[in-house]
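Quick notes on the structure that follows.
Any read-out appearing in this document is the output of simple, stated calculations on the displayed coordinates, not a laboratory observation. From a predicted model like this one, the values you see are computed outputs, not experimental measurements. Positions of Cβ are backbone-derived with ideal geometry, glycine not excepted, and every protein chain shown enters the neighbour counts.
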Amino acid sequence: MSSSTATALSNEEEKMDSANMNPIPKNKKPKRNRKILQNWQLYIFILPAFLYFFIFHYIPMYGVQIAFKDFIPSKGIWGSEWVGLEHFKRFFDSYYFWDLIKNTLGISVYELVVGFPLPIILALAINEAKDGLYKKTVQTVTYAPHFISVVVMAGMIIAFLSPATGIINHGLGLLGIDPIPFMSDPKWFKTVYVFSGVWQSTGWGTIIYLAALSGVDPQHHEAAIVDGATRLQRIWYINIPALVPTMVILLIMNVGNIMALGFEKILLLQNPLNMESSNVIATFVYQAGLLDAQYSFAAAVGLFNSVINAILLITVNQIAKKTSETSLW
């Protein structure tokens, strides 16, 4: 037998041995349809959420083209004239463009800087308190404002801050301070809006962080106590690192919504005297779209706002992905 023939035979034997050692399993994975049928209960559970987003968030995207047309209700979306970027140019060239951007960003960034760390601090404080009446009372008192409606909240703010009859100005009067026109002075509007929101939402925001802290292994604290770590050291080196992934996710979501400032509360607190600092993109869209019937122009402004939010969300998510192991996707 020649050497080439022997080599070929040995190669065939090696292939047969490797094939015998690693047999290809049959039907390793069930078919997708079979998998769906096996887990049909789970798909029924997610069906309402899917239908909600599909009906109320995806189907309405059809109307985005209004922003690029001179929409006339009697002609419908398809019958209205196409004007391209005309409404966007009108908004960018308007004298109120930078005022709206400044007010929107000013309130949103102020709210983020003040409101984001407070639930973390409160959650750490509640977590350190011993279980009992005091802890339950603190949790109830801080959670309760979340359930107050926006309309009632706005009414309370206006009543409490009234220069003539408000409890806040009465308290300032006892300290010898003249009444402050909180609701008519533009420089006070952002502070009133942000701190009233902090009071209403801080306690509710601690729930997520308390849930994250409940997953910390008590043995870590026990080992740290044995090593002589103080309470502050245990908070800094054990509790806060456990909160970091949750903090990053919520920060990404908050930054992604930085331009999506809700208009309900601002609209209820707004008046001609504080319009200088209270007029934001959301209230402008409401005014232009619903009150002035400038549907296409309002749609263009709203689309611009949504695009900026999407860009911020993607950018911050990519930064978080590169600097840490936590991101939305």
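Judged by the ratio a/c of the largest to the smallest principal axis of the C-alpha gyration tensor, the stretch 148-204 counts as prolate, that ratio being 1.5 or greater while a/b is larger than b/c.
Across the stretch 166-262, the relative contact order, built from alpha-carbon pairs under 8 Å that are at least six residues apart, equals 19 percent. Mind telling me which of Met156, Met259, Met247 comes out most flexible in a GNM of the chain, alpha-carbon contacts under 10 Å? It is Met156.
Which of the three applies to the stretch 88-323, rounded, prolate or oblate, going by the alpha-carbon gyration tensor with a ≥ b ≥ c and a/c under 1.5 meaning rounded? It comes out oblate by the Cα gyration axes.
Taking amide H as placed 1.01 Å from N in the peptide plane, the amide H of Lys69 sits under 5 Å from that of Val83, each at least 5 places away or on another chain.
With a/c under 1.5 counting as rounded, go ahead and sort the stretch 243-329 into rounded, prolate or oblate using the C-alpha gyration tensor (a ≥ b ≥ c being the square roots of the eigenvalues; past the cut-off, prolate if a/b is larger than b/c, else oblate). Taking the square roots of the gyration eigenvalues as a ≥ b ≥ c, the stretch 243-329 is prolate.
Working note: Karplus 6.51/-1.76/1.60 with θ = phi - 60° gives the stretch 131-140 the couplings 4, x, 5, 4, 5, 5, 5, 4, 4, 5 Hz, where Gly and Pro are set to x. According to the Kirkwood relation over distinct C-alpha pairs, the hydrodynamic radius of the stretch 94-148 is 13.9 Å. Could you pull out the chymotrypsin sites (Phe, Trp or Tyr not before Pro) across the stretch 71-140 that fall in loop regions by DSSP (anything but H, G, I, E, B) with no more than 15 other Cβ atoms inside 10 Å? Listed in order of number, the matching sites are Tyr95, Tyr96. The trypsin sites (Lys or Arg not before Pro) of the stretch 40-113 that DSSP puts in a loop, and whose beta carbon has at most 12 other beta carbons within 10 Å, are Lys75. Electrostatic bookkeeping for Gln294 treats Lys and Arg as +1 and Asp and Glu as -1; over the other residues with beta carbon under 12 Å from its beta carbon, the sum is -1.
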